[in-house]
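Notes follow once the structure below has been shown.
The values are calculated or read from the model by the stated rules, or taken from the named source; none is laboratory data. Quick caveat: nothing in here was measured; it's all calculated off a predicted structure. Because the Cβ atoms are built from the backbone with ideal geometry, glycine has one as well, and the counts that use them run over all protein chains shown.
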Amino acid sequence: MNLAILPVLLLVAFLLIVAIGLILLGRIFGPHRAGAVKEMPYESGMDPIHDARRRFDIRFHLVAIAFLVFDVELLFLYPWAVASKSPAGVDQAVVSGLVVGRELVFAGVLFFILLLVLGLIYDWRKGLFRWR
Amino acid sequence: MNPQVDWNTVWLLLPELLLVLLAVWAYVAGAFSHYRNGSNAILLAGLILGGYLLTQQNPSHGLWDGTAVQGNPIFSGPLIVDPFGHTIRWLVLVVGGLMLLSMWRAGPEDLSTEYTGSLFLILAGLMIVTRTDELVLLFLGLELVSIPTYIMLFIGRQRTAAHEATTKYFYLGILSSGLLLYGFALLYGATGTMQLREMPDVLAISGAGGGTLIRLAPAALVLVIAGLGFKMAAVPFHFYAPDVYEGTTAANAGLLSVAPKIAGLIALVRIMLAGFMKPDLLELGWQMALALALMTMTLGNVMALLQNNVRRMMAYSAISHAGYLFIGVAVALAVASGEVSSANVGGISAALFYLVAYALATLGIFATFVYLAGADRELDHIDELAGLSKSRPMIALSMTICLLSLTGVPPLAGFWGKLELFFCALCFDPKTVDIATRNWFGVLVIVGAMNAAISAGYYLRLVGVMYFRPAGKSVQPTGGSGPMIAAIASAVLVIAIGMMPAWFFERTNRAAEPWQPIVATTISNHASEAR
Amino acid sequence: MSDWTTIQKLLVAIPALPLVATMVTALLGPRYLRGKSHLPIVFGLVISCVLSLELLRQLNRAIENHETGIGYETTVDLWTWASVPEAYDGSGSRKTIGDSTGRLITDVHDASDSSGPFHIAVTLRADGLTCIMLAMVTLVALLIAIYAVGYMHQDRGCWRFFTYIGLFVFSMTMLVSASNFVLLYVFWEAVGLCSYLLIGFWYEKREAAAAGTKAFLVNRVGDFGFALALFFIWTVYGTLNFHDTQNAPGVLGQERLSSMQQEFGRPGESGEGHPRGAQDQDVRTGYVGGGIGLAICLLLMLGACGKSAQFPLHVWLPDAMEGPTPVSALIHAATMVTAGVYMVARCTPLFAVDCAPYLDPRAVVATIGGLSALIAGIIAMTQNDLKRVLAYSTISQLGYMFLALGTGSLVGIIAGMFHLFTHAFFKSLLFLGAGSVMHAMGGVIDMRKFGGLRRLMPMTFWTFLAGALALSGIWPLAGFFSKDAILAAAYDVGHGEAAYASLFLWLTYAAFLTAFLTALYTFRAFYMTFFGAEEIPAEAGHHARESRPIMTVPLVILALGALAVGWIFGQPGATKSGFAGVAASTPSLAVMVHPGYRALDTAAERKSAAERKSAAEKKSAAEKGSVAEKGLHQDSHRRVAIISLVLAVLGIGIAGFLYLGDAREVRAIIQWPVMKQLHRISYGKFFFDPVYWILVVLPGLALASICYAFDRWLIDGLVNTIGRIPSGIGRLFRNMQCGMLQTYALWMLLGVLTLLGSAVWHMW
């Protein structure tokens, strides 16, 4: 057995245990109040299986899109954060001639964040964060 | 391996960055104020500033000041800097200006800046497409054209038909993007590089470097043509066009008939003539392009004959002109594949000229429709144009000029475009020609000429309605002066190109220089003589 | 432009002014000028007329300064209209023609200069013929335009009328000053167009519209011949310039023709008039005779017949009287109809070629002329429409002119042109008089419906009388001198030794008879209109009075002309600067004074070249002398003059006997068997119209309906079927566009799969 992937396997096992364990704990110790609403998979949201023509609030979509934006932000910023620290990251790129210097990468990230901030201002002004 | 990304790359991207910043500014400012005229004026000023930046980026090529030097393109990061891209950027700016004018009052009041901001994102996307040498950036550029288009389609007009149109375009657009992306993926798989210019080397050592995956290249080719064919509205990827054009507003239809077409043609040229530079692939490529050209021209024109809705008719018109553009592509690919050698101008130059002529005339017509439509209704039936020559002689004249140009009546721009396309498809060097290939191109030209005749059937029908039909219920033009200026400016440009085609041929020739078999000035000379 | 001579400036200004006036009227007339539309035209014509007279004076001086030459001309080159280098393949075409059909008299060309350019320059020329025509046209046009101000003042289409008139004067002046056949043809058609427009001026009237169409169509026949003649001339000579416009030493010599090949189209480089020298050149050198020469002449004559309303194409002119009367006077009496005469006179050198063994073209011209004169004279006897009587009279007089041209002698041709000149005065006078009557009678022109107008309209009466006397040829009025000169010229040929002498003898008799008839029908009309009991038709209403001064003043001026022009210009002893001198200075006519000129007496002349030359020299010297010193009216022709005068007086007298009073003599005479038949023929106008209807119009209509059916059913059907194909294909594909998103996606994927399949098939 290759020990190199052992941490990964352990992580998977841990996740499985936590997930199943939490569900089990709730089943065992939680109060049981049966009802149509309570039987739904997502109690606070909507029935995932229903007639396609049912109306639901468009604001769910707006929030979801706003969330998506910041989700993508994370997608870009996290690798950059790792690469800027790692010797095999930005420094290596500069050495091998891909980029002229760290400053340019940093400027790019700042520009990206600027766009995100502008997007946040836009969302805010448009009343995205006001539910009513 | 990418060339270095340095501050020069940023400098080269400045016009694109400017457009993106303007778009973002429009979005954010629109959230604070709905003052449409001010926002539009600043955007227009931004376009002019972009034009100034373009002149500043010019010196290394001297394309526009007449001191052109034959030189290899410059690579900077994922960018390729060559006359081709530069020329297209000018086209994009001009087209953008005309579109901004014709969209001056488009969209609902509270979303107007979102509307124009999206337009600027599209323009930025077009510019990026023209200048990229890398698959990822190319795809991003194309998506930057597509996604704002979805937004614009949606906010153009609040009505059921518009929503249906948006949905159709959205889903089919996603599908085509998926096809394109799949093609890109296969291409990367086959070549192992994202850089278009490195691909031919890999493809040339077939079987060795790329292994068996290299056999996926033809499939990649097909998928790329399919994905870009959708953008250009080529048969059989054209189905969305009539429904979408009919459902959406005239301004959006104008956008759809121009912006994706530019993007598709440019991307096709970039990929095919840089990435797929391998004789057998190019042979497959020109055969497909030829087949698409034949089908697209014919189907577009014959279907347009049957239409009574002006936008639907123009949709088929747009389809048929995509077919003409494919003539130029097919010639360029055939010449590049080495089966024939051209004795004349290359197909790219011809297609580029045709694209310019088409874009201007089409924008002129749609601007007219915008002008004639109101804030709450669209111009739908052809008969609504009746008597326009009496009530609005100027606008009727400018629209007639644009229609005649699309028909290919001399001495307007469209005539020279068609002439050069047919020229380039006929004037192969007889010494090196493959007879079968030449015959196929002969057939292509004959079909093209017949289609030009058919197209006269519906273009002149519009002219006839405007001039010879007494006005029924008179159309109240409420589009404002912006669309009117755009319409008349388009007509003037169409005439200007028609009057001095040599000047434009010179520039398209130089733009297509890398793919020009012989940098021939033959047709320019013809043109200047004829003039 | 600044280095133009006075003559050249005048020459350009004369047509330019009517053109400018026309444009002004056409642009401003309908909206601003309206009733005042005559102002620009009359103004332009006044200046044009003055300039024409000045041009005539200048030309006279120039002729006198060029004593030595035998002809004088000046050209002005405006611009090049068409230029095709190496268009004329002289070697091939000439050889063929020369060998097979025609008789190429001299082999002018060697291979090296056998090809020439096709070069048509817009070049105007001034010579005797042109200047006389210009003066006549502008003067008559001016007077008639002034008259028309009164005549047309109530008409709604006043501006249209004056625009057409201006356009006509421009075209006519260009026609007579053009220097090549192409320009001549262009303006030949232009005057035809104006004629058409003006005949059909009152297009609401069915008859007027039909008459316009008839005139146009009949003229097409003639123009077709004219066009063919031009093609022949180009094929044979390689040039379409008039053959005397070249700036080359010989008049018509070999050097000239070869230089024509090289310098063709650049006439008069110096721009200055130049004498014609080198009299010992052989005149006939370079002209093609034989069948080809004859064909050219006959085709030209066909064109002239159409324009000048000669037998057998004369049928349009009487119907053309449907147009406004000033138009009848200007276009259909004085100017346009004489274009054919002018053209034949201009082409004299072509008509003078030796066409042996075929007919002599001049005999044809003379025969047509004589026949037309007689036939028209007979028809005019029985017409009741005053304007139609005058129309037939015009045909008859034009016939005289062609008869004169057909004699082929300088005296004859000048006599013909002189008759053209005098005829313009008295015939336009008569027409305007008739118009005045018609105006007063409320549009009625049937002579049976009015009468005894001499007290009501005294001015019209007296001026009409002057015109009638001049037309009848009473000494010393204009018609006497010119008609007498024609009769004398024909008489001379008839009594000469020419091959066609007997023909000309008969033609002379016909001409005498016509002179008698002329007096008879003219005074018949005169008596019927102005004598007898005063009778006014109901249509006249309150109009029935003498016309306004603006109409009578031109009448008086023209009457003075009819009285005097013959006396002034036709007198014996007139010098070189008189009519004969000016006309004879025209290069194409001056050729005839040249020793090499071939007169009509071919029998004597065919003996040998040397003999011919000496004989001709003698003859031409005599002729030149006679023309220059004695003018047209020669003592030896006193006999002719007396006969014609007696005939004219006789005609007037008989007319008075028959038509003064209640005309019961006429009713008695037409009961005589012979006269009954003659009357029937004459009244039926020799039945030209019904015969043409059966022979030409009906077959044409039949062919047209066949063609129409062919076009309607077969061609249209075919075209429509082809036109339906594209939309049919479209219909086939229509169902694919079903509007369903899923289906679209499916089609797209099917497309991708097809392409993939083809790629697989292609690559593996």
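Brief remarks follow.
- Yes/no for C:Leu703 being within 14 Å of chain B (Cβ to nearest Cβ), more than 30 Å from C:Leu465 (Cα to Cα) and out of contact with any Lys or Arg (no Cβ under 9 Å at 6 or more places or on another chain): no
- Residue match in segment A:9-23 (condition: without any contact (Cβ under 8 Å) to a residue 12 or more places away in the chain and exposed (fewer than 10 other Cβ atoms within 10 Å of the Cβ)): no
- Filter pass, B:Leu265 being within 17 Å of the chain's Cα centre (by Cα), crowded, with 24+ Cβ neighbours inside 10 Å and more than 13 Å from chain C (Cβ to nearest Cβ): yes
- Of the helices (runs of 4 or more DSSP H) contained entirely in segment B:337-449, those carrying at least 1 residues that are among the polar types (S, T, N, Q) and closer than 21 Å to B:Tyr316 by Cα fall at B:347-372, B:393-407.
- Single condition B:Ala330 does not satisfy, out of (1) surrounded by fewer than 24 Cβ atoms within 10 Å (Cβ to Cβ); (2) part of a helix (DSSP H, G or I): (1)
- The set of residues in segment A:38-72 being surrounded by 10 or more Cβ atoms within 10 Å (Cβ to Cβ) and part of a loop (DSSP other than H, G, I, E, B) consists of A:Met40, A:Gly45, A:Met46, A:Asp47, A:Phe56, A:Asp57.
- Check on B:Asp243, out of contact with any Leu (no Cβ under 7 Å at 6 or more places or on another chain), within 12 Å of chain C (Cβ to nearest Cβ) and assigned to a helix (DSSP H, G or I): yes
- Considered as a group, the residues in segment A:112-132 that are of a type in the set (Phe, Trp, Tyr) and modelled with pLDDT under 85 include one that is farthest from B:Leu19 (Cα to Cα), and that residue is A:Trp131.
- Only one of the listed residues (B:Met288, B:Met272, B:Met277, B:Met295) is more than 30 Å from B:Tyr115 (Cα to Cα), more than 10 Å from chain C (Cβ to nearest Cβ) and in a helix (DSSP H, G or I). That residue is B:Met272.
- Answer from A:Gly97, A:Gly127 - the residue that is under 24 Å from B:Trp7 (Cβ atoms), within 13 Å of chain B (Cβ to nearest Cβ) and outside any helix (DSSP H, G or I): A:Gly97
- Residue count for segment C:422-471 under the criterion of being closer than 24 Å to C:Trp567 by Cβ and surrounded by fewer than 24 Cβ atoms within 10 Å (Cβ to Cβ): the result is 4.
- Residue that is modelled with the highest pLDDT, among those in segment C:739-763 that are more than 8 Å from chain B (Cβ to nearest Cβ) and more than 21 Å from B:Lys231 (Cα to Cα): C:Gly757
- Subset tally (residues that are more than 10 Å from chain A (Cβ to nearest Cβ) and part of a helix (DSSP H, G or I)) for segment B:1-42: 17
- Of the residues making up segment B:151-176, those that are buried (at least 16 other Cβ atoms within 10 Å of the Cβ) and away from chain C (no Cβ under 12 Å) are B:Ile151, B:Met152, B:Leu153, B:Phe154, B:Ile155, B:Gly156, B:Arg157, B:Ala162.
- Among the residues of segment B:418-446, the one identified as of a type outside the set (Asp, Glu), touching a Pro at 6+ places or on another chain (Cβ under 9 Å) and crowded, with 20+ Cβ neighbours inside 10 Å is B:Leu419.
- Identity of the residue in segment B:308-337, more than 18 Å from B:Gly414 (Cα to Cα) and touching an Asp or Glu at 6+ places or on another chain (Cβ under 9 Å), that ends up farthest from the other protein chains (Cβ to nearest Cβ): B:Val310
- Flag if C:Thr721 is among the polar types (S, T, N, Q), under 21 Å from B:Ser455 (Cα atoms) and more than 7 Å from chain B (Cβ to nearest Cβ): yes
- Among the candidates C:Ala668, C:Ala663, the residue that is under 30 Å from C:Leu386 (Cβ atoms), more than 10 Å from every other protein chain (Cβ to nearest Cβ), in contact with a Gly (Cβ under 9 Å, 6 or more places away or on another chain) and of a type outside the set (Ser, Thr, Tyr) is uniquely C:Ala663.
- Residues that are surrounded by 21 or more Cβ atoms within 10 Å (Cβ to Cβ) and assigned to a helix (DSSP H, G or I) were ranked within segment B:464-487; the one that is farthest from the chain's Cα centre (by Cα) is B:Met466.
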